[in-house]
Amino acid sequence: MTQTDGLPEDARRRLAEMRPGESTELFTSDLSVNEFLLVREAGFRPLGLVLGSSIYHVGFQLRRWGRNQELTTLSAAMYHARELAMDRMEAEADLLGADGIVAVRLEIDFKEFGTDLAEFIAVGTAVKAEEPGQWRDNRGKPFTSDLSGQDFWTLVQAGYAPLGMVMGSCVYHIAHQRVWQALGNIGQNVEIPQFTEALYDARELAMSRMQTEAEQLAAEGIVGVQLLSLPHRWGGHTTEFFAIGTAVRPLRPDHVIDKPQLVLPLTD
Amino acid sequence: MAGWDGRGLPPIAADRIARAKRSNLHTSLLSVPAAVAVESAGLDPVGEAMGCVVQQRLPPLVLTPLTFNVDYRPYVRAWREGWDKALSRLREEAGLLGADGVVGIRLTRRPMDDLVEEVVALGTAVRDRSGRHRGRPFATTLPGADVAKLRSGGWTPIDVIAAVAMGGFYRDYSFRQQTSVLAGNGEVDSLTTMVNQARSAVRDDFAQQLRGIHAHGGIVSSMSVETMRIEDSGAGVRADTFGTAIVRTAPAGPAGALTIMPLKGRK
């Protein structure tokens, strides 16, 4: 299946008109002005804002009151929905002839109508290198990165190239305490072992899934990692643990950045 | 007050602008860092500029409920006219003040009751110290510091772009099936198609508006979708995208970045 199948007809026409070299060439960018200028400093040209979106219905999953467990249906939903959104965003970047997508934002917007309906959105700015080079990943797809323009510039200066966004997700249900445990803990400074273990397990699952994705891309490392715990709309004991970062590979053997000038700002 | 016919500026606004023009006092809505940044880029604040319009807005018209034919055009037209009128009044005030542009424009839309809304555009008018006048004042939602950075990078803003697109669909059996509690994980086809089409159409509108004013590019400052129920059996989505059209003023090429490390810790 070609990647561009899922795009509406007028999207394909719009992106074709925006390609560099066309007489109708034009760029749009979701980058702030800082990032817009720094991306150009790094030797890349913004081509266009690319976006993919999926309205997803998250299936119901029974939770056992007293058990720590990963809610695999919900985990699978978060993965699948994000993948659908990102695939569509990457298809738009492909049509623009981009080398990569920077400043990718992943957002989830739960809808008011319908139960458990959410829009998963992936937005970024497609860029192309001014000098021809090999920027695509080991599957021939444009690189993706959630790094800001400033971080992207610094990374390239330091001799690394982004490969792709890697993420790991785990929706976990933390067991409620038994009544006698809760009563016994009143007024005491104690550790609650099952909560601790649950949070350890959940974070480990999310981070190891992220590492597996980076290994598949044959990356040397992951930068800019965020480890988030997002309750969404599921209440206190069900949380999504989400690890996201950018996998990188070295561009050259040396990794040296110019020594920065130290300044004391007089404004906030 | 005797009725105003809606053309030009209301008498009280015209008075305020005339007073501001006579006075040596230059007010602005810029923060201190933004004011300093804007002055370093060769722009001097002249005064506030505002455009405001109160209008009636009809919801999308359902033409034939059974086959769900909806005419969105009057709704979209009213939506666009709100922004256009507010921005043109803002530009008129800036022009009367002798300004070359308006920066840091905030656009707001507030419903006053079910069918009436107030649309406001508010920003700081600035004059180009070098004396170069473009004719029509430029307008941008970008804050003062960003305008300064753009200008020193060889670009200049020309206009605010407010793009809009609508989509709608009928909540048919397959939709209800895919969204029922027992449906399990899955993408909702009809809603996804509608939202993707609306989000794509709004970016099309954005690009067409950029081409219409011969811009070289556009910086998007915000994108959103609003979903609404239409009658019992339908739903609509309105996608909005705001940004600034920019043109290159100096030849493209790296300006050279100075890397600095601030000694002040982050809060």
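Remarks
- Residue match in region B:150-164 (condition: in a strand (DSSP E or B), in contact with a Ser or Thr (Cβ under 9 Å, 6 or more places away or on another chain), within 30 Å of B:R129 (Cβ to Cβ) and at the interface with chain A (Cβ under 8 Å from one of its Cβ atoms)): no
- Some residue of region B:93-107 being at pLDDT below 90 and within 30 Å of B:D205 (Cα to Cα): no
- Unmet criterion (only one of (1) within 20 Å of A:A214 (Cβ to Cβ); (2) part of a loop (DSSP other than H, G, I, E, B); (3) open to solvent by 50 Å² or more (accessible area, probe 1.4 Å)) for A:W135: (3)
- Picking from residues in region B:172-184 that are surrounded by fewer than 20 Cβ atoms within 10 Å (Cβ to Cβ) and touching a helix residue (DSSP H, G or I) at 6+ places or on another chain (Cβ under 8 Å), the one that is farthest from A:Y56 (Cα to Cα) is B:D172.
- Of the residues making up region A:225-268, those that are of a type in the set (S, T, Y) and either within 14 Å of chain B (Cβ to nearest Cβ) or out of contact with any His (no Cβ under 9 Å at 6 or more places or on another chain) (or both) are A:S229, A:T246, A:T267.
- Selection of strands (runs of 3 or more DSSP E) fully inside region A:24-121 by the criterion of at least 3 residues being closer than 25 Å to A:N138 by Cβ returns A:44-57, A:100-110.
- Candidates B:F206, B:F242, filtered to the one that is within 11 Å of B:V164 (Cα to Cα), open to solvent by 30 Å² or more (accessible area, probe 1.4 Å) and either facing another protein chain (nearest Cβ under 7 Å) or not in a helix (DSSP H, G or I) (or both): B:F242
- Residue pairs whose Cβ atoms lie under 7 Å apart, separated by 6 or more positions or on different chains, with the first residue in region A:251-265 and at pLDDT 75 or above and the second open to solvent by 90 Å² or more (accessible area, probe 1.4 Å) and part of a loop (DSSP other than H, G, I, E, B), are A:Q261/B:L258; A:L262/B:L263; A:V263/B:L263; A:L264/B:L263.
- Whichever residue in region B:211-227 is within 7 Å of chain A (Cβ to nearest Cβ) and of a type in the set (V, I, T) and, among such residues, is most open to solvent (accessible area, probe 1.4 Å): B:T227
- Of the listed requirements (1) in contact (Cβ under 8 Å) with a residue 24 or more places away in the chain; (2) assigned to a strand (DSSP E or B), B:E226 misses just one: (1).
- If the condition is being under 18 Å from B:A86 (Cα atoms) and part of a loop (DSSP other than H, G, I, E, B), then region B:116-144 contributes B:R136, B:P137, B:T140, B:T141, B:L142.
- From the list B:D146, B:D128, B:D100, B:D159, the one residue that fits, being free of Cβ contacts under 8 Å to residues at least 24 places away in the same chain, open to solvent by less than 40 Å² (accessible area, probe 1.4 Å) and closer than 26 Å to B:V36 by Cβ, is B:D146.
- Criterion violated by B:T27 - all others in (1) outside any loop (DSSP other than H, G, I, E, B); (2) surrounded by 11 or more Cβ atoms within 10 Å (Cβ to Cβ); (3) free of Cβ contacts under 8 Å to residues at least 60 places away in the same chain satisfied: (1)
- Matching option when the condition is surrounded by fewer than 17 Cβ atoms within 10 Å (Cβ to Cβ), assigned to a helix (DSSP H, G or I) and modelled with pLDDT of 80 or more, among A:E204, A:E213, A:E191: A:E204
- Restricting the first member to region A:22-48 and to residues that are under 17 Å from B:K149 (Cβ atoms) and modelled with pLDDT of 85 or more, and the second to residues that are part of a strand (DSSP E or B) and open to solvent by less than 30 Å² (accessible area, probe 1.4 Å), the beta-carbon pairs closer than 6 Å and six or more apart or on different chains are A:P46/A:F27; A:P46/A:S29; A:P46/A:T125; A:P46/A:V127.
The values are calculated or read from the model by the stated rules, or taken from the named source; none is laboratory data. Computed from a prediction, not measured in an experiment: that's the story for all the values here. Please note: Cβ atoms are built from the backbone with ideal geometry, for glycine as well, and neighbour counts cover all protein chains shown. The protein model used for the area step is the full one, side chains on, heavy atoms only, and it has no ligands, DNA or RNA in it. Shrake-Rupley method; radii C 1.70, N 1.55, O 1.52, S 1.80 Å.
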